[in-house]
Amino acid sequence: MADAVKSVKTLKVKVASPYMIYFDQPAISISGVNKTGPFDVLVGHHNFITLLEPCELLIKTETEEKRIRINGGLLHVKENIANVFLDI
Amino acid sequence: MKQLNEISAEQDAMQSVVGLTDVFEGLASMRIAQIKDQVLSSEQFFNELWSIYSLVRLGKQFSYGRQESDAVQDKELFITITAEGGFSGDIDQKLIDWMLSFYNPDKQDLIIIGHHGAIQLAQAGVDFKRYFKLPLHDNNINVEPLIDQVKQYKSTTVFYQAYVTLMVQDIKKIELRKAIVQASHKSSDNVISEENYIFEPSPQVVASHLESTMMQITLTQTILDSKLAQYASRFRSMRTASERANEMMRDLRLEYSRTRRHIADERLKEVINGLVKAGGTL
């Protein structure tokens, strides 16, 4: 299982609010801001749960950079899957 | 007997009523479809959040997103969701009457949502702690002021109108904590702890944030369910009004034809009488 996770080259990123999905596709990285400051999540990141501060999420895919302005939320990272649950 | 122009004017007025009720019926039907989509989408979001929360909370009871230092009143909070205006039949009255059958001012505080319900409570001489307008829009409903109130009480019960089908609406009550637990699906994943996860800032704060978010979703869902029932009730009222207006249109058309025939008959009679008086024979 761990080897399978390491061999993956992209994260599966989803950014959603209760009523809308803003982003749902593979990405190379996702960057945001929490209480301690800016952070990046790349492939192989340790399991991670953080509350997000109001910021601009930056999601880098192989072809583009997507920026999403948020008011806050929660990021859950596990086994190269990053889910952002935006605040209502 | 009415004049032809009077009947014709009534027909025009009735035609406008048919047109208006059809428009309201169409609008209500469209809103129902939109809200149903929203409810489905937020249910999925809720379940994903719950699957994290159930693993983070480590067996703790749901605590309404409160911090341990927050003061809690030894009272229950009743939240009643009614319509903002008319056009929604008698369902609000039923809801208020039903809620009042449980209400004891010494044990419960009351928050009313919707102008229609607030007026009915005022007429019944019942005091309420807060009144909120029912949001006119169906998206991005801000329930934060409600959550602030909910956190102050040991428990909260919501009374609302529930959508069963387009033609059937019901009144319901639900204890908020139970609503949240019932809405969740059990997860079989491993427990999330500081041993296998990095938390920022801490598991307690994360769990508390998740509780607040799930409470917001549940309250929003209840408001949406209530709005769904109100739109359905309005749809039904408009459908009945439209049918009644169409019946009246048929009656007016009949009356119009009858009056026109009567006038023609009278004219013919006058012509014949005139001829007879003039000395002619038939």
Checked segment B:1-55 for anything more than 11 Å from chain A (Cβ to nearest Cβ), open to solvent by 60 Å² or more (accessible area, probe 1.4 Å) and not hydrophobic (A, V, I, L, M, F, W, C); matches are B:LYS2, B:GLN3, B:ASN5, B:GLU6, B:GLU10, B:ASP12, B:GLN15, B:SER16, B:ASP22, B:ARG31, B:LYS36
Being open to solvent by 20 Å² or more (accessible area, probe 1.4 Å), at negative phi and hydrophobic (A, V, I, L, M, F, W, C) narrows it down to one residue among B:ILE192, B:ILE171; which is it? B:ILE171
The lone condition B:VAL205 fails out of (1) over 30 Å from B:VAL17 (Cβ atoms); (2) open to solvent by 40 Å² or more (accessible area, probe 1.4 Å); (3) more than 14 Å from chain A (Cβ to nearest Cβ) is (3)
From the list B:THR222, B:THR213, B:THR156, which one is at negative phi, surrounded by 21 or more Cβ atoms within 10 Å (Cβ to Cβ) and within 12 Å of chain A (Cβ to nearest Cβ)? B:THR213
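Restricting to segment A:36-50, count the residues that are within 11 Å of chain B (Cβ to nearest Cβ), assigned to a strand (DSSP E or B) and touching a residue at least 24 places away in the same chain (Cβ under 8 Å).
4
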Which ones in segment A:55-85 are within 14 Å of chain B (Cβ to nearest Cβ) and either open to solvent by less than 20 Å² (accessible area, probe 1.4 Å) or farther than 17 Å from B:ASN196 by Cα (or both)? A:CYS55, A:ILE70, A:ASN71, A:GLY72, A:GLY73, A:LEU74, A:LEU75, A:VAL77, A:ALA82, A:ASN83, A:VAL84, A:PHE85
Answer yes or no as to whether B:LEU58 is farther than 21 Å from B:GLU211 by Cβ and either assigned to a loop (DSSP other than H, G, I, E, B) or at pLDDT 90 or above (or both). no
Scanning segment B:75-93 residue by residue, those open to solvent by 40 Å² or more (accessible area, probe 1.4 Å), over 12 Å from B:HIS115 (Cβ atoms) and at pLDDT below 90 turn out to be B:PHE87, B:GLY89, B:ASP90, B:GLN93
In the list B:ILE7, B:ILE35, which residue meets the criterion of being more than 30 Å from B:VAL181 (Cα to Cα) and either polar (S, T, N, Q) or in contact with an Asp or Glu (Cβ under 7 Å, 6 or more places away or on another chain) (or both)? B:ILE7
Does B:ASP148 satisfy the criteria of being in a loop (DSSP other than H, G, I, E, B), of a type outside the set (Phe, Trp, Tyr), open to solvent by 30 Å² or more (accessible area, probe 1.4 Å) and farther than 20 Å from B:GLY85 by Cβ? no
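The values are calculated or read from the model by the stated rules, or taken from the named source; none is laboratory data. Just so we're clear, the structure is a prediction, and the values are computed from it rather than from any experiment. Positions of Cβ are backbone-derived with ideal geometry, glycine not excepted, and every protein chain shown enters the neighbour counts. All accessible areas refer to the heavy atoms of the entire protein, side chains included, with ligands and DNA or RNA removed. Shrake-Rupley method; radii C 1.70, N 1.55, O 1.52, S 1.80 Å.
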